[in-house]
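Data block below; observations after.
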Amino acid sequence: MIFSNLINLEKVSRSFGPASSRFDALKEIDLIIKQGEYIAIVGKSGSGKSTLLNMLTGIDHPSSGSVTINGTVVHTLNESSLATWRGKNIGIVFQFFQLIPTLTIIENILMAMDFVGVIPQKDRKKRAEALLTQTGILSQANKFPSTLSGGEQQRAAIARALANDPPIIVADEPTGNLDSKTTEVIKSLFSGLVKAGKTVIVVTHEQVSRTEFGRIITLKDGRVVEDK
Amino acid sequence: MNMVVKKAWGDLKVNLGRTMLVIFALSIGLWGVGSIIVSNSILTHDLRKNFLDTVPPQAILSSKDFYKVDINEIRKMPNIECAEYRDLSLLRIEVNPDEWIPLWLFGVENFNQFNMAKVYPQKGLQTPSPGTLLIERDGLLISHLIIGSRARIRAGKNKFKVLISGINFDPAQAPATQDHFIYAYTDKKTYSAISGKSHDQRLIVRFKEVRSKKEVEYATDKLILGLKSKKISVNSINIPKFNEHPHQWQLNTLLFIVGVIGLLAFIMGAVLVSQLMSAILASQVRQIGILKAIGGSKRKIFHIYLFMLLVFGVVSGMIAIPLALSTGYAFSRFVAQIINFDILTTTLPLRIYVYLTAASIFLPILLSLPIILKGLNGSVLEALNDYGVGRSSLKKKTDTVSKTRSTGIFTLALRNTMRKKTRLAITVISMALGVAIFSTGFNVRQSIYDLLSNFRDGLRYDVQVVINEGIDREAFLLPFKNIDNIKTIEAWNGGRGELQSQISKTTDGIGIISLPAETKLLKLNIIEGRMLRKSPETEILINQQARELMHNPKVGDTLVLNLKDKAIKTKLVGITEEFEKSKIYIDEAQYDALVNPKHLVNSLMFVAKDDRYDKVIELKKSIERAVEASDLNVIYVMSQAERVKVIYDHLQIVLATILFLAMLVLIVSALGMTSATSINIMERTREIGIMRAIGATPKMIYRIFILEGMILSTVSVFLGIVLAWPLSIVASYFFGNLMLGDQAVLRYAFSLEGFWVTLIATTIFGYFASLIPARKAIMVSTRTALSYE
């Protein structure tokens, strides 16, 4: 397994509000994440987990410091380039799945491929079916999201995150809305992805163990208080 | 199918109701504007073509001396394109038992070869057999006359029964239905036999290379000089408006109204579409965030909404364009029937289809573009965190109403109304505009009614009898001596005069009314200067149409008039407003002293003792019977009520169109309000769930939304009625100009009837605009509402 530096955060801070009532969500965070790592970012509500995730996905820009992912200084990209870059490099899994309700499951995956265009047109359907097979919901391919269970929707969201074969998967509370049995299925899917060489970063407020994740980063008041 | 297309298509399908509403709104707007584009193209082209294809005369000269010269000599004169005799006499014809109206009898040189002033055969004979007439087709609508019937005609004391041998069509004449005339055409011999006049006394002429009325006037002056050299003295000259149908003003007025109101309806439809697009985007902010998060660039996401707009445009176009073509043609046929011309357009120019297609496809895109770009410009973070109304904005917005001390549902409804200020402003403005236009329609109608009413009030006689030429007063009065129900009779005189131009005595003939300066039978609406008085100077008073013809002289100016070949210096003392042809009023004592030494009169004004409508009509019939038994050469006998009806018939089409279109605008505005309320409710579905969860009954929620709708419509109605005031002034000004001439003023009038209709209609519309979405809101279950994103 190659552990080259994939993500590099240098003195990243993020503040909100005017100077008089400024809230510092992140305070000078330094973080290096290598390829193939399986990381949990944990912390209580308000610790800065979601802000850090937004930094890692390019959804938000730091107030100071820099975020370099896969050789690209993310916060220098404009909105349009950022969208394409994100599609190629990062697969995002949301807590509430966020599938497009008017498209079927397979169409949700195909749309992500259409946006980025790295997968050749002729291979897209085959790849989408392969991803649905991988996540165990091929039989649901032509159904609309509203007809699927929460677990199935989250598996569809993971399949969509993998659509363009990005090296990094970022998941925001991916099991927060699921029962324990489904949670286990999702966790095993992530483990499988790590074994396949993907870098998986999971943000969670749940208790996690080292046996499950390769690395656990704990945040408190916008700072990394533990990284083991 | 491309995923972008599929996503857009899915969004359209999932909100089918909203999609249908957008298509409906856009279709209505497009239908309105499309009908206008189509009818405008057809009417403008066809009225002009109908008129110009007749090769209308540019000048009409009357003289008793034309026999001195061969017509071919006139035709050979420089600048003459063509010339022929087309005699005309004003007679009377019985159109229904005991109902006589003016007859314009034309004597035609050759029915088989018209070089100008063409008339077209329609039925029966093309050339009337000797002793018979052809009747212009529009006259059939106001008479019992048909081919084969014998028309009763009076020419002075002579009475005839003349066979109608055919029907023809003369698109160059003012419509008989509106002017209450019959036009008839016969050969020269029959013309002379019926009218008792010699033929070849009225010359119609067209000039070479003239491009304006001024050039025609100049050419006519030269022609008159040429005729003078041949010892021909011209009695009267009439130069009609250059290349313009006599009822072009009516068409212009209609097209103006239809154009303005239709355009407003379209703008409102477009505002509605952009509002709905804004709502679609508002409900999809999070989706846009997700699309961006999974790699969708702005351009790609823009394509989704572009496709949606294209679908709206294409579907609306498919519905509205055929409808617009059909109603455009139908409206054109309706107008053509009223103005009496044929619709000639069978294929519209390609540019019309291009306009219609462009309007359906590009306008929704252009109008929604700023909203889409605004929707796409938000950051992913903002999009993902969107929960409808932002807390900060809500705080700021509710602060503005926090000072209101009311409590409960009203406060909540008021605050909710104020939540989205831009949408509130657009909704209120478009609804207020609809109310204002609707109200303006009524106010303009009231202004026209007031004008007619003033006109009617000004005419304080009940029946008028006009004869062809002046006779002795006593001889004129004699036939009417034994008629009951006559309070007083006043005798006036009149004729035609010309304004002296710089070159010679040309330009248009203007009606001269000579009446006692102190008459009580006419109360003119003086808009400038004063009424006639006994004066050492020759005073004249003119109406605004005469002012326009006389190139806008000012009160106090000295004008030279040609009256019966005498050039007379007159002083302009006042200007009156009338819906009439150009007229000059002059004191009878001065008129008689100048040109009427025998004190002849040609009009009798009868005032009825009992002036109820049926009694006046009875009086008129008695007068008609007396006329029939007499030798009088009567042009017309008209009751004041009929006179007002003639004017009203001219305006009816305009008034009906104003109200119909104003109603259309109001409906489109109400649709806009319904959509805005629907959007507000849709955006607050989750909030409805929360309210339901904490104990609000469906009835309470229903009341909140109804109240919100009523607040919106109350504010809109108030603003609309206020806005209607300046709008009515401007509209009255425009209509006045179009209908009555450049200098005319159609005064602003407030229509109380219109106010109540507007208030009731908009309150009902406002109520239903809230009712439908409010009902929809309470149908949603608490669970569905709470899970709505």
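The numbers here are math on the coordinates, done by the rules we state, and not lab data. This structure is a prediction, so every number in the text was calculated from the model and none was measured. Backbone-built Cβ (ideal geometry, glycine too); neighbour counts: all protein chains shown.
Summary of values
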{"read-out": "Antiparallel DSSP beta bridges within the protein assembly as shown, as percent of all bridges there, nearest 5", "value": "70 percent"}
{"read-out": "The stretch A:108-228 - share of DSSP beta bridges that are antiparallel (%, nearest 5)", "value": "45 percent"}
{"read-out": "Under the Karplus curve 6.51 cos²θ - 1.76 cosθ + 1.60, θ = phi - 60°, whole-Hz ³J(HN,Hα) for the stretch A:178-186, x wherever Gly or Pro sits", "value": "10, 6, 5, 5, 5, 4, 5, 4, 5"}
{"read-out": "Gyration tensor verdict on the stretch B:17-156 (Cα atoms; rounded if a/c is under 1.5, prolate if a/b is larger than b/c, oblate otherwise)", "value": "oblate"}
{"read-out": "Under Karplus coefficients 6.51, -1.76 and 1.60, residue-wise ³J(HN,Hα) of the stretch B:362-375 in Hz, glycine/proline x", "value": "7, 5, x, 5, 4, 6, 8, 3, x, 5, 5, 4, 5, x"}
{"read-out": "Dipole axis of the stretch B:59-238 (+1 Lys, Arg; -1 Asp, Glu on Cβ), positive-most option in B:His180, B:Ile74, B:Ala117", "value": "B:Ile74"}
{"read-out": "Estimated FRET transfer efficiency (B:Thr714, B:Ser453; beta-carbon r; R0 45 Å; 0.05)", "value": "0.85"}
{"read-out": "Long-range amide H partners of A:Ser15 with built H, under 5 Å", "value": "A:Ala25, A:Ser63"}
{"read-out": "In degrees, nearest ten, helix B:408-417 long axis to first principal axis of chain B (Cα)", "value": "70 degrees"}
{"read-out": "Ascending count of other beta-carbon atoms within 10 Å, so fewest first, for B:Arg333, A:Arg124, B:Arg533", "value": "B:Arg533, B:Arg333, A:Arg124"}
{"read-out": "For the stretch B:459-643, size of Cβ-based charge dipole, Lys and Arg +1, Asp and Glu -1, in debye", "value": "320 debye"}
{"read-out": "Helix-derived mean residue ellipticity, 222 nm - over chain B, DSSP H n ≥ 4, -39500 (n - 2.57), to 500", "value": "-18500 deg cm²/dmol"}
{"read-out": "Listed peptides B:78-87, B:592-601 by packing density, highest first (mean Cβ within 10 Å)", "value": "B:78-87, B:592-601"}
{"read-out": "Residue among B:Pro130, A:Val118, A:Thr104 farthest towards the positive dipole end of the protein assembly as shown, charges placed on Cβ", "value": "A:Val118"}
{"read-out": "Amide H partners (placed H, <5 Å) of B:Gly494, local residues excluded", "value": "B:Ser514, B:Asn602"}
{"read-out": "Shielding by other protein chains, A:92-99, mean Cβ within 10 Å", "value": "3"}
{"read-out": "Residue-averaged beta-carbon neighbours from other chains (10 angstrom radius) around B:294-307", "value": "6"}
{"read-out": "Degrees between helix B:248-283 axis and first principal axis of chain B (Cα, 0 to 90, nearest 10)", "value": "0 degrees"}
{"read-out": "Dipole moment magnitude, nearest 20 debye, chain A about Cα centre, only Lys, Arg, Asp, Glu C-beta charged", "value": "300 debye"}
{"read-out": "Options B:Leu203, B:Val95, B:Gly226, ranked by Cα towards positive dipole end of the stretch B:59-238, top entry (Cβ charges)", "value": "B:Gly226"}
{"read-out": "Counting DSSP beta bridges with both ends in the stretch B:59-238, the antiparallel % (nearest 5)", "value": "75 percent"}
{"read-out": "Ranked by how many other beta carbons lie within 10 Å on average, peptides B:547-559, B:154-166 from highest", "value": "B:154-166, B:547-559"}
{"read-out": "Dipole moment magnitude, nearest 20 debye, the protein assembly as shown about Cα centre, only Lys, Arg, Asp, Glu C-beta charged", "value": "2380 debye"}
{"read-out": "Number of partner chain Cβ atoms within 10 Å, mean per residue of B:2-10", "value": "5"}
